[in-house]
Amino acid sequence: MVENENNLGSFIFDDDLIEFEPFANFELNFYHWFKPYMRNVFSTQSRRKIINLELHKQLIKEFNKASDNDEMREVINAMGRNGFKGPKSYFNPNIKFYDFLIANNIQSITNIKNNTIKYFLVNELESYSSTYKKDILVAIKNFLQFIESKNYIKNGDSHFFKLDRTLVKSIQKERKPLAYLKPDSEFDLFLSTIDKINWKRNSKHRNRVMLKILLITGIRVSELTDIKKSDFKESGNSYEIAIIGKGNKKRYVYIAKNIIESDLNNLVLIDTEYLFTTRTGKKLNDRYLNTIIENVLQEANIPKKEKNGPHMLRHSCATWLNVVAGYDISKLQAYLAHEDISTTKKYVHLNEKVVKDMSERVNIILGSKL
């Protein structure tokens with residue numbers, strides 16, 4: 001049971017320093033820190049996508065009054081439905097870690113060591129992907145660093161966890177192949193097939209524009225569904241599209257007019273600020289885009305990929321740019337808006353295999369003519 005904090009002052013005026021472990025009970029001490037931590041998360045996350053600001057303010061008050069995990073989770077989920085999705089990625093991992101600590105009879109926050117976290121990552125999360133484990137680790141470290149920055153002990157000292165920088169090495173990397181459309185054959189085939197699908201009348205032009213933008217610009221699916229009508233501008237023979245990416249960073253991508261102009265002019269527009277929506281004005285989700293991408297793959301007789309979703313089209317764009325257009329790694333990093341060039345390197349390694357495959361294909365076609 002979480003200590004109930006009904007006083008609004010405790011919500012607005014968190015102390016700069018907080019007593020490290022004022023209770024004899026681990027559960028109370030955990031939530032003594034976790035609620036101020038989550039309030040700090042609320043204040044640092046972007047509020048740009050919040051749908052109803054008054055509801056958001058009320059939900060923060062409800063979180064402050066929540067008395068257990070389930071009540072807090074309900075509020076966090078409600079925040080997500082209201083467009084404030086960021087806190088969930090900090091809340092869920094730390095509650096999962098808390099459940100692990102309780103199950104292992106941890107008596108004090110001081111018992112959280114490097115080996116505690118490593119055991120949790122390796123053994124408790126064994127069935128999860130390395131990406132998910134890294135996200136969990138980031139959230140746990142963020143929480144513990146918050147405690148380090150705020151805590152004091154009555155004798156004037158403070159507690160530090162001394163987290164090992166090599167913690168991440170306990171997460172084994174997975175060697176999963178990236179899914180992509182082959183640049184020498186499947187890329188153009190997928191693009192031309194988009195116009196051949198017998199789409200429903202109300203969704204035909206929208207689906208065509210969305211798929212072409214994903215394939216040609218390589219933007220993320222969340223960036224696509226966040227495009228507003230005001231983000232589209234003509235720029236010579238192209239359309240300039242303003243994109244809000246990770247970290248709330250703005251950039252521009254371009255697509256030739258002749259590729260989407262006809263469909264764009266015939267879009268069935270709903271009375272909402274967003275360009276791509278359902279008939280009722282709601283934003284589209286990944287599941288729908290997965291479905292229409294599979295429809296194109298099937299119509300084009302392209303074998304299904306390891307993953308057939310929008311990110312596969314992002315990989316395909318990067319592969320085509322590297323192999324066919326000759327983009328080097330620095331250009332790819334800029335085009336795909338990767339913060340870390342190590343992420344871009346995955347695409348280049350992938351493309352080395354593509355070049356080898358294309359060379360073998362040329363040999364088969366030309367044979368002795370080479």
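The values are calculated or read from the model by the stated rules, or taken from the named source; none is laboratory data. Not measured: the values here are computed from a predicted model. When we count neighbours, we look across all protein chains shown, and the Cβ atoms used for this are built from the backbone with ideal geometry, even at glycine. Side chains are part of the model used for accessible areas, which takes the heavy atoms of the whole protein and leaves out ligands, DNA and RNA. Shrake-Rupley method; radii C 1.70, N 1.55, O 1.52, S 1.80 Å.
Report the relative contact order of the stretch 50-117, percent, no decimals, based on alpha-carbon pairs under 8 angstrom and at least 6 residues apart.
26
Taking H placed 1.01 Å from N in the peptide plane, check which residues at least 5 places from Lys228 or on another chain put their amide H under 5 Å from its amide H.
So Lys228 has HN proximity to Leu275.
Mind jotting down the three principal axis lengths of the stretch 74-212 based on Cα atoms? Whole angstrom, largest first.
Projected onto its principal axes, the Cα set of the stretch 74-212 covers 74, 36, 26 Å.
Hey, which of these cross-link pairs are over 21 Å Cα-Cα: Lys57/Lys150; Lys229/Lys257; Lys182/Lys307; Lys35/Lys283; Lys212/Lys233; Lys85/Lys118?
Beyond 21 Å: Lys57/Lys150; Lys35/Lys283; Lys85/Lys118.
What percentage of the solvent-accessible surface of the stretch 14-164, computed with a 1.4 Å probe over protein heavy atoms, is contributed by carbon and sulfur atoms?
45
What are the lysines whose alpha-carbon lies under 16 Å from the alpha-carbon of Lys113, with same-chain residues fewer than 8 places away excluded?
The qualifying lysines are Lys141, Lys162, Lys169.
Rounded to the nearest 5, what % of the DSSP beta bridges within the chain are antiparallel ones?
Roughly 85 percent of the beta bridges in the chain run antiparallel, per DSSP.
Mind checking the alpha-carbon convex hull of the stretch 134-268 and giving the volume per residue in Å³?
200
Just to confirm the filter: which GluC sites (Glu not before Pro) across the stretch 226-324 are DSSP coil and have at most 14 other Cβ within 10 angstrom of their Cβ?
In loop regions of the stretch 226-324 (DSSP not H, G, I, E or B), the sparsely surrounded GluC sites (Glu not before Pro) are Glu273, Glu306.
Over all alpha-carbon pairs of the chain, lay out the pair-distance distribution in 20 Å bins, whole %, shortest bin first.
Result, from short to long distances: 23, 47, 26, 3, 0 percent.
If you project the alpha carbons of the stretch 27-123 onto their three principal axes, what span does each projection cover, largest first, in Å?
Ordered largest first, the stretch 27-123 gives principal extents of 42, 25, 20 Å.
Tabulate in residue order the Karplus-calculated ³J(HN,Hα) for the stretch 238-245, using 6.51 cos²θ - 1.76 cosθ + 1.60 with θ = phi - 60°, rounded to whole Hz; enter x for Gly and Pro.
10, 9, 9, 10, 7, 10, 9, x
For q values of 0.13, 0.15, 0.24, 0.26 Å⁻¹, compute log₁₀ I(q)/I(0) with the Debye formula on a Cα-only model of the stretch 67-140, without solvent.
Computed log10 I(q)/I(0) values: -0.44, -0.57, -1.14, -1.22.
Go through Val253, Asn301, Asn155 and say which Cα lies farthest out towards the positive end of the charge dipole of the chain; charges sit on Cβ, +1 for Lys and Arg, -1 for Asp and Glu.
Towards the positive end, the residue furthest out is Asn301.
Quick check on the chain: helices-only [θ] at 222 nm, where DSSP H runs of length 4 and up contribute -39,500 (n - 2.57) each and the sum goes over total residues. Nearest 500, please.
Theoretical 222 nm ellipticity from helices: -16500 deg cm²/dmol.
Pairs of Cα atoms under 8 Å, at least six residues apart: use those to get the relative contact order of the stretch 135-283, whole percent.
Computed value for the stretch 135-283: 17 percent relative contact order.
Taking H as built 1.01 Å from N, whose amide H comes closer than 5 Å to the amide H of Tyr152, not counting residues under 5 places away?
Ile18, Glu19, Phe20
Only four residue types carry charge here, +1 at the Cβ of Lys and Arg and -1 at the Cβ of Asp and Glu. Report the dipole size of the stretch 68-187 about the Cα centre in Debye, rounded to the nearest 20.
440
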